[in-house]
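One structure follows; several queries about it will come next.
The values are calculated or read from the model by the stated rules, or taken from the named source; none is laboratory data. Keep in mind it's a predicted model, so treat the numbers as computed, not measured. Cβ coordinates were reconstructed from backbone atoms using ideal geometry, including for glycine residues, and neighbour counts include every protein chain displayed. Accessible surface areas use protein heavy atoms only, side chains included; no ligands, DNA or RNA. Shrake-Rupley method; radii C 1.70, N 1.55, O 1.52, S 1.80 Å.
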Amino acid sequence: MKDFYHAFLHALRNLLPIVLVVVVFQALVLRQVPENLLSISIGLLIVAAGVALFLQGLELSIFPVGKSLSNQFAKRGSIPILLSFGFFLGFSAVVAEPALIAVAEQAQQISQGLIDALTLRLIVACSVGLVVALGVLRTILGWPLHWFMIIGYSLVVAVTYFAPPEIVGLAYDSGGVTTNIVTVPLIAAMGIGLAASIRGRNPLIDGFGLVALAVMVPMISVQVYGIIVYSDAGGGPAVGNLVYEGAGDAPSEPMKMLLDLLTMLRDVLPILITVLFFQYLVLRRQLTNPRLVSFGFALVILGLYAFVVGLKMGLFPIGTSMAEQLIAHNNYTFVYLFAFAIGFATTMAEPALLAIGQQAEQAASGKVNGNVIRLLVAAGVAIGITLGVHRIIVGDSIHYYIMGGYALVIFLTLFAPRYIVALAYDLGGVTTSEVTVPLVTALGIGLATNIEGRNVLIDGFGLIAFASIFPIVTVMTYAILMDFVTKLRERQV
């Protein structure tokens, strides 16, 4: 209970920046109180409780078992086993990712079933599994990451040119939410651990990059899925609007609650199967503490359930409500300010970013400052979300923004110091948290719903993609400038 209390307070602290931004705008700009304030408040508390339970479950079950398996496979030195473990670990973690579940369900609802939520999740999960296996092979063989990223994002831009507009924003958002509360710690620890255990590998150059690859490949596969779906459907059905469920729609009947819990079990089951398969059938060893691990998995399921219920009651209504109220205020300047403030505040409190920053600082031996990295990433997210909101307001096509953004990323990759490339791409993948993703997605959908002439599926998605691109730009630009200044000083001496 003591650990849960601390985890709950930690989750509330991560929610605090969002609450402060909303309170300031409600009090000073809109000067009104939301009609569903009580429901939203209860929903936020349920989200915090769900995140706390989920994190506690991860700490007791998935994290220690996953790290133990990675270390044992690395000691064996079997490349096929390592690649298999990487695939199944990436697949199972992403299938259970709460933010991906939320985005997929919204996409299915808005497209009136043309985009299937489960199919979308399976496509993304398979993509991440394959790319984690590829990233493990890259680390083992010492292949440079920058060529993977240059070729990969060139493919992303090329596929975007041919993809239907209904799928582009969703595809980029799907890539952005794959690396989150479950995947970032597991994938990052796996890559750094492998690089540290192989002679001649640099943890900063060779250990990072798995997260970046896990973000990139789903963007390609989901767009290909969209090309197939919309060509078969002859353009697809008319796009509807989302209707968010409030407190009155929360599960109340015991049977419905049981069914929802069974759904959460289905979402976590792939991770459980992966762990048990490799632990008992491949390594042929007993779990260290089966009861504790089982209890941890139970907490993960309960946490996921509470998280989804809290989203419907709290974070989704905040995003749509703020969008409606700011647009009704007839001053888009405040919409831009709200987008920038939300992006910066939530990123500064992002726990995954804190963890990656600390790992990078330790691995870089003085070349990287964790606090500077956080500020650069937060500024990048704020700029990206603001630019994404501008695109929705003016009604521009997302194709050109995304293609231009990644063209800039590819250009910077050619000139950036090698030590920063993998880290910069990874940072682009950890900026969207389990709290930020639903709020930002709801904000985009709310804007597209309330601005005349906008299509919810085409214009509503895409903000997460902007939040993933621009941190890469700010971090690499900073590294290029610092490298230039350092060389200039050396010449003067």
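Say R0 is 22 Å: what FRET efficiency, to the nearest 0.05, do Arg418 and Asn369 get from their beta-carbon distance?
That pair, Arg418 with Asn369, gives E of 0.75.
Would you kindly state how much longer the chain becomes between Glu452 and Asp116 on full extension, computed as 0.36 nm times their sequence separation minus their alpha carbon distance, in nm to one decimal?
Values: separation 336, 0.36 × 336 = 120.96 nm, distance 2.71 nm.
Gain on extension, Glu452 to Asp116, equals 118.2 nm.
How much net charge surrounds Tyr225 when only other residues with a Cβ under 13 Å from its Cβ are counted (Lys, Arg +1; Asp, Glu -1)?
-2
When the solvent-accessible surface of protein heavy atoms is calculated with a 1.4 angstrom probe, in what order do Ile273, Ile220 fall, highest first?
Values: Ile273 100, Ile220 35 Å².
Ranking Ile273, Ile220 by accessible area, largest first, yields Ile273, Ile220.
For region 433-493, what is the charge dipole size about the Cα centre, in debye to the nearest 20, if Lys and Arg each add +1 at the Cβ and Asp and Glu each add -1 at the Cβ?
Values: 4 positive and 5 negative charges, 67 e Å.
Using Cβ point charges on Lys, Arg, Asp and Glu, region 433-493 gives about 320 debye.
Related question: What FRET efficiency would be calculated for the residue pair Asn289, Leu16, taking the C-beta separation as r and a Förster radius of 30 Å, to the nearest 0.05?
For Asn289 and Leu16, the calculated efficiency is 0.30.
What is the distance, in nm, between label points placed 7 Å from the Cα along the Cα-to-Cβ direction at Ala158 and at Arg31?
Using points 7 Å along Cα→Cβ, the separation is 5.7 nm.
Give, as a single signed number, the net charge of other residues whose beta carbon lies under 12 Å from the beta carbon of Ala214, with Lys and Arg counted +1 and Asp and Glu -1.
Net of charged neighbours comes to -2.
How high is the relative contact order of region 1-150, given as a whole-number percent (alpha carbon pairs under 8 Å, six or more residues apart)?
Computed over region 1-150, the figure is 21 percent.
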